[in-house]
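Everything below concerns the one structure shown next.
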Amino acid sequence: MGLFSSFKNEIVPKERSLQGRPNAMPVPERHVVLGTPIVPPFPETTETAIFALGCFWGAERLFYRTEGVYTTAVGYSGGYTPNPTYEEVCSGRTGHTEAVLVVFDPSVVSYERLAAIFFEGHDPTQRMRQGNDIGTQYRSAIYTTSESQAESVRSALENYQGQLTATGFGEIATEVAPAGPFFYAEEYHQQYLAKNPGGYCGLGGTGVSCPVGLSAS
């Protein structure tokens, strides 16, 4: 999935990032699997979350298979370049992660449960990579959309670090920050594995359960 870049192990400084463009990427009107819109406005009863856990093809599938998730989309977040292309993100010169936008009904699935899926779905101790996918775009990150989400993430990090340490893993490297803009990825990336069932998925977890999932709805 990655292309050659001089910024594989460190995030590009803002002044060296690509300029980008003003126009958003055109995307499908409906989710291939769920049949729901993938762009706002979303129902008032839903909340949004943004997770980055490596290649977004497999990451998105983890969430749209979860009961209570209204819709998902893949895109780019956490960096500087507005409306980047996939090739630009892979160059390492946008500062973005490959991210998943998750729109969910909190009366059916809690944010804590989604955070557990995030942590268990990849290895959050790896820095600027997931498995063989190497680059800053594959870094582990959570971009929170509310203070309650931020509080949940802080608790999850503390609890999961204890579980990982007890089983011999190192320090969690997950970036946590308030959500900035989410830029939609190209049409062919949306629900990629639903359209290409034999497609690449480089995700692999640690095998350690995340305690925050225990009290989830």
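Before moving on, here are some points about what is shown:
- Here residue 32 clears all of (1) assigned to a loop (DSSP other than H, G, I, E, B); (2) in contact with a His (Cβ under 9 Å, 6 or more places away or on another chain); (3) aliphatic (A, V, I, L, M) except the condition numbered (2).
- The C-beta contact set for region 194-207 (first residue assigned to a helix (DSSP H, G or I), second residue of a type outside the set (Ser, Thr, Tyr) and open to solvent by less than 80 Å² (accessible area, probe 1.4 Å), distance under 8 angstrom, 6+ apart or interchain) comprises 194/33; 194/61.
- Of all residue pairs spaced 6 or more apart or on separate chains, those with beta-carbon atoms under 6 Å, a first member in region 7-22 that is closer than 14 Å to residue 78 by Cβ and a second member that is among the aromatic types (Phe, Trp, Tyr) are 14/80; 17/80.
- The residue that is nearest to residue 20 (Cα to Cα), counting only those in region 47-88 that are touching an Asp or Glu at 6+ places or on another chain (Cβ under 7 Å) and assigned to a helix (DSSP H, G or I), is 86.
- Note on region 187-196: residues that are open to solvent by 60 Å² or more (accessible area, probe 1.4 Å) and either under 18 Å from the mean Cα position of the chain (by Cα) or farther than 30 Å from residue 30 by Cα (or both) amount to 2.
- Top-ranked residue of region 160-186 - restricted to ones that are open to solvent by less than 70 Å² (accessible area, probe 1.4 Å) and part of a helix (DSSP H, G or I), ranked as farthest from residue 95 (Cα to Cα): 162
- Restricting region 201-217 to residues that are modelled with pLDDT of 90 or more and more than 16 Å from residue 100 (Cβ to Cβ), the residue that is surrounded by the fewest Cβ atoms within 10 Å (Cβ to Cβ) is 207.
The values are calculated or read from the model by the stated rules, or taken from the named source; none is laboratory data. Only a predicted model underlies this, so the values are computations on that prediction, with no experimental measurement involved. FYI the Cβ positions are ideal-geometry reconstructions off the backbone, even for glycines, and counts take in every protein chain you see. Side chains are part of the model used for accessible areas, which takes the heavy atoms of the whole protein and leaves out ligands, DNA and RNA. Shrake-Rupley method; radii C 1.70, N 1.55, O 1.52, S 1.80 Å.
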